[in-house]
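Step one of this worksheet: look at the structure below.
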Amino acid sequence: MTDQRWRKRFLGNRPLAPETLMMGYGYDPFLSERSLKPPVFHTSTFVFRTAQDGKAFFELAYGLRQKRPNEEPGLIYSRINNPDLEMLEDRLAIWDEAEANLTFASGMAAISTSLWAHARPGSVIVHSGPVYGGTDFLLERILPQFGVTSIEFPAEGGTKAMEEAVDRARALGPIAALYLETPANPTNGLVDIGRARQIAEDLSAGAGKRPAVIVDNTFLGPLYQTPLAHGADLVVTSLTKYVGGHSDLIAGGCSGAAAALEPIRGMRTILGTMCDPNTGWLLMRSLETLKLRMTAAAEGAREVAEFLRGHPAVASVWYLGFLPERHPDRPIFERQCKGAGSTFGFEVKGGEAEAFAVLDKLEVIKLAVSLGGTETLASHPAAMTHSDVPPDEQMRLGITPALIRLSVGIENPDDLIADLDQALRG
């Protein structure tokens, strides 16, 4: 059991910043031979002191009784809990301004496990669009096989589009969740989280259970958006991206109130979608530099976006920092986001051939999917991450053949600009 002095969030009356807490929160060095950094607990199972301890631990893990005051869950089996994952989850909850967090084997494991915990045959999930290609496949092709319907509304359609989608969904069955990806991948379209919460509250009036509001926060990460503060019940994130941040691991997370996470925790235990201890250790390493990396990448992204906005071969730049004052997303951005992040799209003049020509000429920037790493990555959403979305749907959602997605890393932005310039010159 960790001594509570290693979970202090205040220095006297001063609240400690998340980047400070990442250096040791939840870890007692004196339980691990005084090692400054946590060891990797490479073990499948844990030894009980007594049979009674084993009984008590399982009762709590399987929800057979309520947790006693100040009781810590006992270690049982790494599919259920593991010291590395518990420390990691404590720290991720701090960044998400959440009561608790659960980690998973991938971002899609976090998303799918969370949706499985809420969806039931005959229920409906209302979701924004576009969403990440894997999420789209789950919503449109996998869940319908189990009697779960999805109704999409365009992120660019504003609150009216979301309200109309909810009205259509109500005629089909009980709404299990409002699933929002904001900013949207790859268009950076924004969805009003606060309004989604109001809609969910209205749906529960006189009907009992309220649909969960689930937000995918991958595009901005915990530094530039905290959806729980704006009304989300759950925030899911691909930890592969900014949190991992080095393009060397796959993981996902889900944060929220402890009670809201309980059904997801149970589903994770049975489905076995948890993160592994080694990945958990790597994520804790990465959390120590999260603010430094994300700040540097965001600063570089602004410089790159400014360059692209003025280039004669570029038709448009979909960077959140460029939202016009009268754009309907501008008030949402100012209210909901703490920054523009470092991933955005831009359209070249032409179509797929012209976009491919630019991608093939890049020398410093890597042609690869994913985002949020230390290196800058460029990809073609229509042909790659969103290739399973039908072409007419791609166009409706703004995923055009000319669109290139750029995730700016921490290289010197002048070098990135030079690389883009030579690739765009043709």
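Bear in mind that the values in this text are calculations on the coordinates, not laboratory data. Worth saying up front: this structure is predicted, and the values here are computed from it rather than measured. Neighbour counts run over all protein chains shown; Cβ positions are idealised from the backbone, glycine included.
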| How do Glu181, Glu156, Glu334 line up, fewest other C-beta atoms within 10 Å first? | Glu334, Glu156, Glu181
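Going down the table (Lys37/Lys338; Lys8/Lys37; Lys241/Lys366; Lys241/Lys291), which pairs top 20 Å between alpha carbons? All intermediate terms of the calculation are to be shown ahead of the outcome.
Values: Lys37/Lys338 31 Å; Lys8/Lys37 17 Å; Lys241/Lys366 15 Å; Lys241/Lys291 13 Å.
Over 20 Å apart, Cα to Cα: Lys37/Lys338.
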| Hits among lysines - C-alpha to C-alpha of Lys209 under 26 Å, sequence gap 8 or more where chains match | Lys67, Lys160
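Against the 2.2 N^0.38 Å scaling, with N counting residues, where does the stretch 83-287 land? I'd like the Cα-based Rg ratio to two decimal places.
That works out to 0.96 for the stretch 83-287.
Please express the shape of the stretch 136-216 as an equivalent ellipsoid: the semi-axes are the square roots of 5 times the eigenvalues of the C-alpha gyration tensor, given largest first in whole angstrom. If you can, show how the numbers build up before the last one.
Values: eigenvalues 74, 60, 23 Å².
Semi-axis lengths for the stretch 136-216 are 19, 17, 11 Å.
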| said: Can you sort Ser35, Ser407, Ser114 from fewest to most other Cβ atoms within 10 Å of each residue's own Cβ? | reply: Ser35, Ser407, Ser114
| task | Compute the long axis of helix 290-309 from its Cα atoms, compare it with the longest principal axis of the Cα atoms of the chain, and write down the angle in degrees, 0 to 90, nearest 10. | result | 10 degrees
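Cβ neighbours within 10 Å, averaged per peptide: list 245-253, 17-25 in order, most packed at the top. If you can, show how the numbers build up before the last one.
Details: 245-253: 21.3, 17-25: 17.0.
My ranking of the peptides, most packed first, is 245-253, 17-25.
So for the chain: antiparallel DSSP bridges make up what percent, rounded to the nearest 5?
Working: 27 of 47 bridges.
DSSP beta bridges in the chain are roughly 55 percent antiparallel.
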| note | Taking Cα atoms only, helix 51-61 is inclined relative to the longest principal axis of the chain by an angle, in degrees rounded to 10, of 30 degrees
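Per residue and in Å³, how big is the convex hull formed by the alpha-carbon atoms of the stretch 191-278? Please report the intermediate quantities before stating the final value.
Details: hull volume 9.5 nm³, N = 88.
So the per-residue Cα hull volume is 108 Å³.
Dipole of the chain, Cα-centred, from +1 at each Lys and Arg C-beta and -1 at each Asp and Glu C-beta, to the nearest 20 debye?
That gives a dipole near 1260 debye.
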| request: For the stretch 291-424, just the Cα set please: Rg and Dmax, both in angstrom. | output: 14.4, 40
| request: Please report Val243, Val236, Val47 as a ranked list, fewest other C-beta atoms within 10 angstrom at the top and most at the bottom. | output: Val47, Val243, Val236
| Cα long-axis angle, helix 413-424 against the chain (0 to 90 degrees, to the nearest 10) | 50 degrees
| said: Just want the answer: with Cβ charges of +1 for Lys and Arg and -1 for Asp and Glu, which residue in His386, Leu323, Ser247 is farthest toward the dipole's positive end in the chain? | reply: Ser247
| How large is Rg/Rh for the chain, to two decimals, with Cα atoms and a Kirkwood Rh? | 0.98
| request: Can you tell me the dipole magnitude for the stretch 83-287 around its Cα centre, using point charges on the Cβ only (Lys, Arg +1; Asp, Glu -1), in Debye to the nearest 20? | output: 340 debye
| task | Would you work out which of His127, Thr289, Ile94 lies farthest towards the positive end of the dipole of the chain? Charges go on Cβ: Lys and Arg +1, Asp and Glu -1. | result | Ile94
| Per-bin percent of Cα-Cα distances, the stretch 19-145 [5 Å] | 2, 8, 13, 16, 17, 15, 12, 9, 5, 2, 0
